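Worksheet: one structure, shown below.
The values are calculated or read from the model by the stated rules, or taken from the named source; none is laboratory data. Computed from a prediction, not measured in an experiment: that's the story for all the values here. Please note: Cβ atoms are built from the backbone with ideal geometry, for glycine as well, and neighbour counts cover all protein chains shown.
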Amino acid sequence: MIEFLNSIQNSLIYKNFFLVLSGLDNTILLLLISLPLGFVLALLFALGRVSKITLLSRTIASYIFVIRGTPLLVQIYLIYFGLGSVKFIRESFLWYALKDPFWCGVIALTINTVAYGAEIFRGGIQSIEKSQIESGLSLGFGKFLLLRKIILPIAIRKVLPSYGNELILMVKATSLVSLTTYMEMTGIARKIMAKTFAPVEAFIAAGILYLFLNFLMVQFVKYLEWKYNPHLRLNN
Amino acid sequence: MFKFEKLVFGDSGWGDEFLIATLMTLLVSILSMGLGLFLAIITVWAKIIQNRIARFIANFYTTVIRGVPELLVIYLIFFGGNAVVMGIAKVFGYNKYIELNALTIATIAIAIISATYSSEVLRASYLAISKGQLEAARALGMNKFSIFFKVISPQVIRHALPGIGNVWQITLKDTSLISVTGLVEIMRQSRISSNVEHSPLTFLITAAILYLCLTTISGRVFKTLEVNYSRGFST
């Protein structure tokens, strides 16, 4: 038995697991900033997208078109390598953020998720029945109150499943930030691979951690769905 | 800052290199989409037949691949794929060193990712076919093959086209990750060019525009196909 435990402890996959685990906080840090920021901005962008101001709506529509039509990798490279090569950006205050791969990653992930999120929320806002808005208006709700009490709660809970999908895609997308020398889980797994020439062991360790992270995300979204859709619960 | 004059065709510019790279991106996308659809059909079949082991394997495959970053899958197949192929070859008594070329690895890796998405789309559209139709086909004495080709596939194609269009866009964008394996497609080409010319902004914007063109044009193609396949149905 002890021999067996020892052999597990000496196995590459066990050692790698803890090495990769040390990159988990960096992955989570990326998500902790870009997801809430992306959520708020996506809501604002969705409202702008459905607004009657044509210029605003058109601008946001083309922003969404460009971001959704290009790979995230291009966006990350554009921000990390592209913007860093411009002289006046290097001399401005922006350089404090852009010289750090972490902040480049956060900016790129946020820009990306805002485009997808805004499109999801737009669907939610546009699917609200007119009668609900009319009843709000007949109760004398102002524009802001209508937004806060009727439009946003209904829209958000309606699109929770698809927004949950987007959240999982974001968890997976953090792995791309490793290509800008930022050492999160994929970056560490890549480094272990280069050192030990044992690709399967290194990447399986990282894969298990990503699966776990996504499992937590799924449970979180399920909980939100349960909490904010009381009328859909089977037994209450 | 910008060196767009470097994008001319010929020896002094990168235009022709980018054209070849774009074709490479398209080639990888089409090959892996095709292989992915084939894998997806097998996966769906494994999910709908009444066999626990087959269903477990299929579910395990789609859950794991969809829960793990694409980059990780590509790394795993790029660095670990050779060992697997050589292991299989050893079983058949072939002991020499085998190296898969970058295109094969890229196609297999992207196909494995793309198949998980396609399989969900195909499964949903298979389930959308009403049971009565299958029963009617069986009552007419059609065998399994003609049921598949004359009843199931035409309807699955119609139901699945919008979803398959989405999967195609995802696959097209996922090919950019293949650049880490050294295959020269748009992303890799833009990195090479910007390293030579010291102007990353130019070539990365070029790459972005090329991807945008590819996604937009193929989006149009899928729209046309959808209209074509839903003739006679009010949409």
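Is it true that A:I128 is in a loop (DSSP other than H, G, I, E, B), in contact (Cβ under 8 Å) with a residue 12 or more places away in the chain, more than 26 Å from B:T22 (Cα to Cα) and more than 14 Å from chain B (Cβ to nearest Cβ)?
For A:I128, the condition - in a loop (DSSP other than H, G, I, E, B), in contact (Cβ under 8 Å) with a residue 12 or more places away in the chain, more than 26 Å from B:T22 (Cα to Cα) and more than 14 Å from chain B (Cβ to nearest Cβ) - is met.
Give me a count of the residues in segment A:80-93 that are of a type in the set (S, T, Y) and either within 8 Å of another protein chain (Cβ to nearest Cβ) or closer than 22 Å to A:A173 by Cβ (or both).
Within segment A:80-93, residues that are of a type in the set (S, T, Y) and either within 8 Å of another protein chain (Cβ to nearest Cβ) or closer than 22 Å to A:A173 by Cβ (or both) number 2.
Would a scan of segment B:80-101 turn up a residue that is closer than 20 Å to B:I186 by Cβ and loosely packed, with under 14 Cβ neighbours inside 10 Å?
Yes; the residues of segment B:80-101 include at least one that is closer than 20 Å to B:I186 by Cβ and loosely packed, with under 14 Cβ neighbours inside 10 Å.
Which residue, of B:L35, B:L72, B:L23, is under 30 Å from B:A208 (Cα atoms) and buried (at least 18 other Cβ atoms within 10 Å of the Cβ)?
B:L72
Those residues that are small (G, A, S) and surrounded by fewer than 19 Cβ atoms within 10 Å (Cβ to Cβ), I need them from segment B:162-178; list them, please.
Step one: filter segment B:162-178 for residues small (G, A, S), giving B:163, B:165, B:176.
Those that are small (G, A, S) and surrounded by fewer than 19 Cβ atoms within 10 Å (Cβ to Cβ): B:G163, B:G165.
Kindly establish whether A:L109 is more than 14 Å from the chain's Cα centre (by Cα) and touching a residue at least 40 places away in the same chain (Cβ under 8 Å).
Answer is no for this residue.
Specify the residue that is farthest from B:Y117 (Cα to Cα); the eligible residues are those in segment B:162-215 that are within 8 Å of another protein chain (Cβ to nearest Cβ) and charged (D, E, K, R).
B:R191
For the condition in a helix (DSSP H, G or I) and either more than 14 Å from chain B (Cβ to nearest Cβ) or more than 23 Å from B:L212 (Cα to Cα) (or both), what is the one hit in A:Y77, A:Y96?
That would be A:Y96, the only listed residue that is in a helix (DSSP H, G or I) and either more than 14 Å from chain B (Cβ to nearest Cβ) or more than 23 Å from B:L212 (Cα to Cα) (or both).
Would you mention how many residues in segment B:40-77 are within 14 Å of chain A (Cβ to nearest Cβ) and either of a type in the set (A, V, I, L, M) or touching a Lys or Arg at 6+ places or on another chain (Cβ under 9 Å) (or both)?
The total comes to 16.
Hey, among A:A194, A:A155, which residue is away from chain B (no Cβ under 13 Å) and assigned to a helix (DSSP H, G or I)?
It is A:A155.
Each row is one residue, and each column tells you yes or no for (1) of a type in the set (A, V, I, L, M); (2) at pLDDT below 95; (3) surrounded by 22 or more Cβ atoms within 10 Å (Cβ to Cβ); (4) more than 18 Å from the chain's Cα centre (by Cα).
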{"residue": "B:T181", "(1), (2), (3), (4)": "no, yes, no, no"}
{"residue": "B:R191", "(1), (2), (3), (4)": "no, yes, no, yes"}
{"residue": "B:S194", "(1), (2), (3), (4)": "no, yes, yes, yes"}
{"residue": "B:E197", "(1), (2), (3), (4)": "no, yes, no, yes"}
{"residue": "B:F203", "(1), (2), (3), (4)": "no, yes, yes, yes"}
{"residue": "B:A207", "(1), (2), (3), (4)": "yes, yes, yes, yes"}
{"residue": "B:G219", "(1), (2), (3), (4)": "no, yes, no, no"}
{"residue": "B:E226", "(1), (2), (3), (4)": "no, yes, no, yes"}
{"residue": "B:S234", "(1), (2), (3), (4)": "no, yes, no, yes"}
